[in-house]
1. Consider B:SER126 against the criteria (1) over 20 Å from B:GLU58 (Cα atoms); (2) in a helix (DSSP H, G or I): it satisfies all of them except one. Which criterion is unmet?
2. Read through the list (1) of a type in the set (Ser, Thr, Tyr); (2) under 30 Å from B:ALA169 (Cβ atoms); (3) at pLDDT below 95; (4) outside any loop (DSSP other than H, G, I, E, B), then give the number of the only condition that B:TYR348 fails.
3. Residue check: is B:VAL301 away from chain A (no Cβ under 11 Å), open to solvent by less than 10 Å² (accessible area, probe 1.4 Å) and in contact (Cβ under 8 Å) with a residue 12 or more places away in the chain?
4. Determine which single condition B:GLU188 fails, assuming it passes every other condition in (1) over 18 Å from the mean Cα position of the chain (by Cα); (2) open to solvent by less than 60 Å² (accessible area, probe 1.4 Å); (3) at pLDDT below 95.
5. Would you please list the contacts, defined by Cβ atoms under 6 Å and residues six or more apart or on different chains, that run from a residue in segment B:18-43 that is over 11 Å from B:ILE156 (Cα atoms) and open to solvent by 30 Å² or more (accessible area, probe 1.4 Å) to a residue that is in a helix (DSSP H, G or I) and of a type in the set (D, E, K, R)?
6. Find the residue count for segment A:246-257, including only residues that are open to solvent by 40 Å² or more (accessible area, probe 1.4 Å) and either within 7 Å of chain B (Cβ to nearest Cβ) or modelled with pLDDT of 95 or more (or both).
7. Count, please, the residues in segment A:183-217 that happen to be more than 8 Å from every other protein chain (Cβ to nearest Cβ) and either touching a residue at least 24 places away in the same chain (Cβ under 8 Å) or in a loop (DSSP other than H, G, I, E, B) (or both).
8. Given the criterion open to solvent by 40 Å² or more (accessible area, probe 1.4 Å), modelled with pLDDT of 95 or more and more than 7 Å from chain A (Cβ to nearest Cβ), identify the matching residue among B:LYS284, B:LYS270.
2 protein chains.
Amino acid sequence: MASIENIRHTLAHLLAAAVQGAHPGAKLTLGPAIETGFYYDIDFGDEKIADDGLKKLEKQMRKLLPSWKEFSHREVSKDEALQIFAGNPYKTELIEEIAGRGEAITLYTCGNFTDLCRGGHAEHPSEEIASDSFALDRVAGAYWRGDEKNPMLTRIYGLAFESKDALDAYLAQREEAKKRDHRKLGAEMDLFLTSELVGQGLPLWTPRGTLFRHTLDAYVWELREKHGYQRVTIPHLTKKDLYEKSGHWSKFSDELFRITTREGKEYAVKPMNCPHHTQIFDRKPHSYREMPQRYAETTMVYRDEQSGELGGLTRVLSITQDDSHVFCRMNQVRDEFFKIWDIVDTFYGSFGFTLRVRLSFHDPAEMEKYLGSPEIWKNAEDALRSIAEERKADYFEAPGEAAMYGPKLDFMATDSMGRQHQVATIQLDMNQPERFDLTCINEKGEKERIVMIHCAIMGSIERFSAVLIEHLAGVFPLWLAPVQVQVLPISEKHAAYADAVVAELKQKGLRAELSEATESLGKRVRAAKLAKVPAFIVVGDAEVDNQTVTVENNRTGDKATVPLADFISGALERIKERANV
Amino acid sequence: MASIENIRHTLAHLLAAAVQGAHPGAKLTLGPAIETGFYYDIDFGDEKIADDGLKKLEKQMRKLLPSWKEFSHREVSKDEALQIFAGNPYKTELIEEIAGRGEAITLYTCGNFTDLCRGGHAEHPSEEIASDSFALDRVAGAYWRGDEKNPMLTRIYGLAFESKDALDAYLAQREEAKKRDHRKLGAEMDLFLTSELVGQGLPLWTPRGTLFRHTLDAYVWELREKHGYQRVTIPHLTKKDLYEKSGHWSKFSDELFRITTREGKEYAVKPMNCPHHTQIFDRKPHSYREMPQRYAETTMVYRDEQSGELGGLTRVLSITQDDSHVFCRMNQVRDEFFKIWDIVDTFYGSFGFTLRVRLSFHDPAEMEKYLGSPEIWKNAEDALRSIAEERKADYFEAPGEAAMYGPKLDFMATDSMGRQHQVATIQLDMNQPERFDLTCINEKGEKERIVMIHCAIMGSIERFSAVLIEHLAGVFPLWLAPVQVQVLPISEKHAAYADAVVAELKQKGLRAELSEATESLGKRVRAAKLAKVPAFIVVGDAEVDNQTVTVENNRTGDKATVPLADFISGALERIKERANV
């Protein structure tokens, strides 16, 4: 059987054949396989392809498929190729390039359709491709070869999977992901916003969103504090000098927001916190007895991303890192990594994520991208590998994924929809301690070079928030929800009891809100569900009479009528345990 | 009797006379009275004036004083004046200017000394000035007329008060202030630092300093939360558009840190938070039932100050404001002001500050400095005055001290050395709601213009920290100290008991530290005093035998030997009450 990549590539040909039949004037360009299917970029001239056009092409593909028995190919001369594709400037350009590189020019034919191609197909499409395993998806604009100076083409995207079931599963997951889109839920839950005046990529957080952020951050801090971390505070600006010394000024260059002051001095807005933290460590000599020093700080860093890359919370200019730097001796690295790993396991476990570990190593072929010598890199990477081994972690190595100053141990979380996200990261750094000449005084009274461990548990609060909102479809665990309980009296005559319930909940430390009976109960229940309040309480005649509450869990849909005191003690218990549901 | 200003001005003449006698080649320029005395700027050519030179001049002033019976003055023509001061280019320049303005040129004479002057002296210096009420203080460099393109002159500073007692009191206070200098104490207490690489005016906060900042901020938040404030979160950057709309782009222009992105867009680092907060308020319509909305955020703002103005924590580029904005209806202003005023009274009362109130109003002669119409200003200032009246506050009015968008109610705190500091501020703003078109939906279902109240309780954490450190000479109240208790075993044999004491203190939630018996007790006590730990415990044989602790209060010097449990319960009580000592 053909690989799914080859099937997808074959379908791009099939799409092109359908287009050529229906739109003889259209000029074909390039059509590769992609992660979920394929696309083909086509110059339709002035013609626009609408949804029904897409449907027709898809139908035509299915009609052609049975006649696509087998691929054949042949090598042709440049002149022959140019003659065949005369009148198509895109193919002409491609032919000239292939010939220019001295490569063979090959044509692939299946059914009645021939295309300039390097091969890689399902050899017998009619046998190997199920006609219900693919679908045309959507149309987008794309510049020829991705260059905005070139003509705009029409890109037709297709989806293709191993089977109809796999295609349906993908469509269902995509539909679910759309419902859970953190930008949509973030607005409905009133967590954050963007303002045209402030700008894209610079989200503003509402009272509810800020409570959510602070609660997450307080949890990370609670886990860190147990391990001897201490908080520090730095400004967001620095003189150029700091980044010249750290090496970021040249290596980070494009992404730095630079400032020239009224006196002509050069400053930057910090893109990371480590160089500042070295200055705090270096304020005085440290005895080996005082090592490790563990600094934590949740603070915003800023990176000048291109505006096309900005969207929701996943790509922002203002990145809140829950950052930490451990300054320690080489023989303390293993213990410190294990402590952090424990924090990561606890934190992500609380939300039901499963974790894999990626050892992000340097690419020896591109040493110019990194600070430090090959020896320093080898030592650091060996140390990380043996830590992962000792921890018996589910890990894999990824050369070329390191930070510029050292290798990383990246955690990949799988969410409730099966998607994988890069989340926490632990990084071993032997380079910055060299650059900043960081030492401790060892048992012999001598200066000893130390190392740094960089770690962010959430990574960035913005990105983690996006992942978490979509993972949980917005219904946070009780301990984390900005509004934990909403109380809905059925009608005005239950208002007094509802008020008493809210007062009692608040008095016990729960974040409770009243939803007054100014609208129908159904409408208010829908609003509570939309706001993703994890628990809501309905009170009517029966509840007033029996001094009970009827509680619905907004995640599981479970309902129960219980005495108020029972609900409160259960809720407080779940908050204390940081229970996920 | 002459006013102290006239006495100080007279002493500037007397200094000039002494200089002319001792240094005939020196060229006199200008010599005014200042807050604590007077100075005279003099061109000594290549000659340097050292400390003993100052002593000689002071002696000579005292010698001349009895002969300074009475001032006389006469008006002279420009030509005559130029002839008298021929060879002195500074006086020549002044004469040309006075004549250019068409003003009279007057010479004042006393003793054998004549100076170009406008008058304002003690008419009979020998009778009106006590010869022990003044002293020459120090020498500094100063450019002619403050312009660095001009020659550098020698500025001789003198101190002068009503009497010797007043002079001595000032000198004693200055000596005390020097001992309490927050830059000196901040380093000894290991609270903050500056780094040459990061830059002046950008302090970095150590673990102890950060704990101190967070504890202060948590106190403010606790007071605010009771009054219904909610926290919000904004980024430190914004597109230019926000400040064009708010009016800051032009009015705040020089002090803005500006950024041009890689795509050529214009951003600024925020110099204040209000425009961002308006965007959060404006994310959705608000019913009158939801008003007021009270947003609080402790966040850094950045202002491009000239580097000559930067020093310690009193003038920084990175200013942490404990900022808040109340969005409310006009008829809610009084209540909201009162709530804030209560917070201010509680907060400053905790530290033993006494407060005066300054009503900072606009200057009608300079309307171009402000946003908004004279009517809006009158309404706002009338409202503030009546609030101050109703509160029966000790207040005074200060025209010209308003913010650009509205009048302020500024609190002036008097510290333990009798110095006055501007601290908290409450500002009524009717202009930004206009600019951003902020409204609520009132009882009639109509849009109603709202107002904003800006308030920072500490003002800036940096400046308040400096004031507080100097006010308390570094010895913070127990609840605020980063290290609350230090435990000092007299010798190694008391180590086990000391460890147990530290463990018990920590277990009860106190921030305790052990000072191991590796050095003499005296040395360790001195270190604890230097670090300004508010309470330290010494344990020796008697304490081990009786299971007690000997505690010394580092502020009052009080000592007592008590059971450990008694110390702990007392300490926890004082922390809970936020007792000042």
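1. (1)
2. Single failed check for B:TYR348: (3).
3. Values: away from chain A (no Cβ under 11 Å): no; open to solvent by less than 10 Å² (accessible area, probe 1.4 Å): yes; in contact (Cβ under 8 Å) with a residue 12 or more places away in the chain: yes.
When the stated conditions are applied, B:VAL301 does not pass them.
4. Among (1) over 18 Å from the mean Cα position of the chain (by Cα); (2) open to solvent by less than 60 Å² (accessible area, probe 1.4 Å); (3) at pLDDT below 95, B:GLU188 violates only (2).
5. Close Cβ pairs (under 6 Å, with a partner that is in a helix (DSSP H, G or I) and of a type in the set (D, E, K, R)) amount to B:ALA33/B:GLU5; B:ALA33/B:ARG8.
6. 1
7. Here is the first cut: in segment A:183-217, the residues more than 8 Å from every other protein chain (Cβ to nearest Cβ) are A:183-189, A:191-192, A:194, A:200-201, A:208, A:212, A:215-217.
Cutting the leftovers down to either touching a residue at least 24 places away in the same chain (Cβ under 8 Å) or in a loop (DSSP other than H, G, I, E, B) (or both) gives us A:183, A:185-186, A:188-189, A:191-192, A:194, A:200-201, A:208, A:212, A:215-217.
Going through segment A:183-217 one residue at a time, the tally reaches 15.
8. B:LYS284
The values are calculated or read from the model by the stated rules, or taken from the named source; none is laboratory data. Just so it is clear, the model here is predicted, and its values are computed rather than measured. Because the Cβ atoms are built from the backbone with ideal geometry, glycine has one as well, and the counts that use them run over all protein chains shown. Keep in mind that these areas ignore ligands, DNA and RNA; they rest on the heavy atoms of the full protein, side chains included. Shrake-Rupley method; radii C 1.70, N 1.55, O 1.52, S 1.80 Å.
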